Amino acid sequence: MISFVAFSLRRAWQGFWRNGLMSLAATATVVLMLALLAGLIILLTGLDATLDYVQQEVQVVAYVKDSATAQDISGLEASLQRMPQVTQVNFVSKDQAYRDFLARHPDEADVIESLPTNPLPASLQINLRDPNDYLDVAGYLNGQPAVDRVMNIQQTVDQLVTVIGILRIGGTVILIVVGLIVLFTIVNTIRLAVVARADEIEIMRLVGASDAFIRWPFIFEGAFVGLLGAAITIGLLFLGQGPITSFLSDYFKVLPVEASATVGQNVALIVLGAGAGIGVLGSYLSVRSYLIR
Amino acid sequence: MAMVSAATPGPKPSQTRRPGERPHDAVSTRVVLAMQGVTKSYPNGRVALRGVDLIVPEGDFVFLVGPSGAGKSTVIKLLIRDEVPTKGVVLLDGRDLARLKRRDVPRIRRKIGIVFQDFKLLPNKTVRDNVAFALEVTGARRRDIDPAVDRVLQVVGLTGQANQLPGQLSGGEQQRTAIARALVHNPRLFIADEPTGNLDPLISWEIIQLLLRINDLGVTVLMATHNAEVVTAVRKRVVALENGRIVRDQTGAAYHRED
Ligand SMILES: Nc1ncnc2c1ncn2[C@@H]1O[C@H](COP(=O)(O)OP(=O)(O)OP(=O)(O)O)[C@@H](O)[C@H]1O
Ligand SMILES: [Mg+2]
């Protein structure tokens, strides 16, 4: 058993390098596919987290007209508090909004400080018991004279859902097409490996080698291609970790910090599994059609 | 492993032999191979064998002769189960080869050592590694391989050339390497399909001497050949095929019919 595994691995390794150029080309297509896969997973994870956040934290934000008086605002606050759908109401004054903005975007301090007046509106931030009540509360606010406009979160949510859906379907279709190309390349690589070993295979049959001894080296060779591709992809992702993380935190501010670590781990595992899987599948198909008789 | 006596599955020896030829004690001899009523037609319609009956007891040395296309190589392909008979039975060591499950074929093949006119050596492996290959690919343990290879290289007299590549060997030495590889599993039956076809007469003689020695060690030998000189000189059993039929089966015989 040990000698069988050792033998198969040794032959797979030899076979990989004997046909080096083709093997490396196949590996490159695997890297392409896995990089696409990883990119898609990372992007979708970010978008999904954003969607979750937005949906969970449904807060109605109503910008208050600058002309509204303190009485208007406290009256509005009180009537909102009485609504059964509302759990909490916070008032963010113009000054508070200004400070919040500076804290969040220190780079843009010059721009905003150079303005003659504070452009940021005061707002009411209303937390809801159930996100589905959003329209009721937003409708009520829209009718209030002190309210300038209600931020339409529903629209954001809908857009996000659409984008995620398109990405998911489009990405899957592209992945399937690329996957088929990769499969085809691996099948061909292993077919060439089988052809290169035709004499050896003939001798193996004559001296009574079992089918396992004849086939498994080729399966392992395909697995090598897939695993090497996965290793390279993971290496590339590791090198690109910095840019990827800052991309994630820039575009998906809501993503918790620790999430990027688990995302990285999951992506690495998926890449490894997908690489090995496609390598083994390709060589298995090749062995089936070119070797078994 | 079941051994078959010559009397059970095969035809009566007296039917395949002419009177006065090899006396054959059917009951007491172990039979290595038996063919009964074997017909083989290839998918393209060519009929290569027609009703062949052949029994080879253990320890026999058999020359399979006949003109080109007579069916000699077809007999061999049936024995190594490269082909299955269209009709009839082929028994090897008592096993019906046509009924063999796919996964049992390799084990049966290890009971047979075979060499061909083209030696089928791997050009990038040394003599030693070519021989060791047969053990490696059948799952032999590492520590058993070296002694077994040494032993057969000694039998064929290639100890000194163990580390040379086939390209650095004479034709005779290449064939001896192939013979060593065929012997390394301790086969019950040694088959040679025109082993001297690519060799000059002197070297051919060396190879025949080697096969006779292997036969002396107790291995049954079946050799298909066109080499009339050799066949006639060693006076062993001769089975002559013509057009897919056995037309002569004689012990101590010459290449050509002598009556
Ligand atoms: N794979 C095959 N498909 C079709 N016909 C075949 C096949 N192999 C052999 N034959 C035919 O079967 C007949 C017997 O061939 P075989 O190779 O057994 O002859 P042989 O006695 O070994 O001849 P030679 O002395 O030339 O080697 C021939 O007519 C040959 O053309
Ligand atoms: Mg022939």
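The values are calculated or read from the model by the stated rules, or taken from the named source; none is laboratory data. None of these values were measured; they are calculated from a predicted model. Every residue, glycine as well, gets a Cβ built from its backbone with ideal geometry; the counts of neighbours run over all protein chains shown. Please note that ligands, DNA and RNA were not included when accessible areas were found on the heavy atoms of the full protein model with its side chains. Shrake-Rupley method; radii C 1.70, N 1.55, O 1.52, S 1.80 Å.
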With all protein chains in place and a 1.4 Å probe, A:Glu202 shows an accessible area in Å² (nearest 10) of 80 Å²
How big is the equivalent ellipsoid of chain A along its three axes, where each semi-axis is √(5λ) from the Cα gyration tensor, reported in whole Å from largest to smallest?
-> 62, 19, 14
Just need the relative contact order of the range A:59-152 here, percent rounded to a whole number, with Cα pairs under 8 Å and 6+ apart.
-> 52 percent
For residues of A:193-199, the mean tally of beta carbons on other chains within 10 Å = 1
Determine the per residue accessible area of the range A:59-152 with all protein chains present and a 1.4 angstrom probe, expressed in square angstrom.
-> 60 Å²
222 nm mean residue ellipticity, helices alone, for the protein assembly as shown (DSSP H n ≥ 4; -39,500 (n - 2.57); rounded to 500) = -18000 deg cm²/dmol
Measuring from label point to label point, each 7 Å out along Cα→Cβ, what is the B:Arg30 to A:Val161 span in nm?
-> 8.0 nm
Starting from the residue with the highest accessible area, list A:Met151, A:Met1, A:Met33 in decreasing order, probe 1.4 Å.
-> A:Met1, A:Met151, A:Met33
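Quantify how strongly other chains surround peptide B:221-234 by giving the mean number of their Cβ atoms within 10 Å of each of its Cβ atoms. Can you show the working numbers first?
Details: counts 0, 0, 0, 0, 0, 0, 0, 0, 0, 0, 0, 0, 0, 0.
Per residue, the average neighbour count from other chains is 0.
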Unsatisfied cross-links (Cα-Cα over 30 Å) in the set B:Lys101/B:Lys236; B:Lys40/B:Lys125; B:Lys111/B:Lys236; B:Lys77/B:Lys125 | B:Lys101/B:Lys236; B:Lys40/B:Lys125
Rank these residues by their accessible area, most exposed first, probe 1.4 Å: A:Glu221, B:Glu83.
-> B:Glu83, A:Glu221
1/(1 + (r/R0)^6) with r = Cβ-Cβ of B:Leu165 and A:Leu21, R0 = 25 Å, i.e. FRET efficiency to nearest 0.05, evaluates to 0.50
Which of A:Pro106, A:Leu76, A:Met151 sits farthest toward the positive end of the charge dipole of the range A:59-152, with +1 on the Cβ of Lys and Arg and -1 on the Cβ of Asp and Glu?
-> A:Leu76
Post the alpha-carbon centroid distance, the range B:60-90 to the range B:187-259, in whole angstrom.
-> 14 Å
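Roll a 1.4 angstrom probe over the protein heavy atoms and tell me the percent of accessible area of chain A that is carbon or sulfur. Working shown, then result.
Details: 10020 of 15710 Å².
Answer for chain A: carbon and sulfur cover 64 percent of the accessible area.
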The aspartates and glutamates whose Cα lies under 16 Å from the Cα of B:Lys87, excluding any fewer than 8 residues away in the same chain, are B:Asp53, B:Asp96
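Mind putting a number on the dipole of chain A about its Cα centre? Charges go on the C-beta only, +1 for Lys and Arg and -1 for Asp and Glu, and I need it in Debye to the nearest 20. Don't skip to the end; give the middle numbers.
Details: 18 positive and 24 negative charges, 361 e Å.
The dipole of chain A has a size of about 1740 debye.
Arranged from highest to lowest average of other beta-carbon atoms within 10 Å per residue, in what order do the peptides B:57-65, B:102-110 appear? Mind showing how you got there, number by number?
Numbers: B:57-65: 21.2, B:102-110: 16.1.
For the peptides B:57-65, B:102-110, the packing ranking is B:57-65, B:102-110.
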Average accessible surface area per residue within chain B, 1.4 Å rolling probe, Å² | 44 Å²
Partner shielding of A:209-220, taken as the mean number of other chain Cβ atoms within 10 Å, equals 3
A plus B alone minus the pair: what accessible area, both sides summed, probe 1.4 Å, in Å² to 100?
-> 1700 Å²
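Could you tell me the calculated FRET efficiency between A:Ala103 and A:Ser67, based on Cβ-Cβ distance and R0 = 25 angstrom, to the nearest 0.05? It would help to have the intermediate numbers written out before the result.
Working: r = 27 Å, r/R0 = 1.08.
Calculated value: 0.40.
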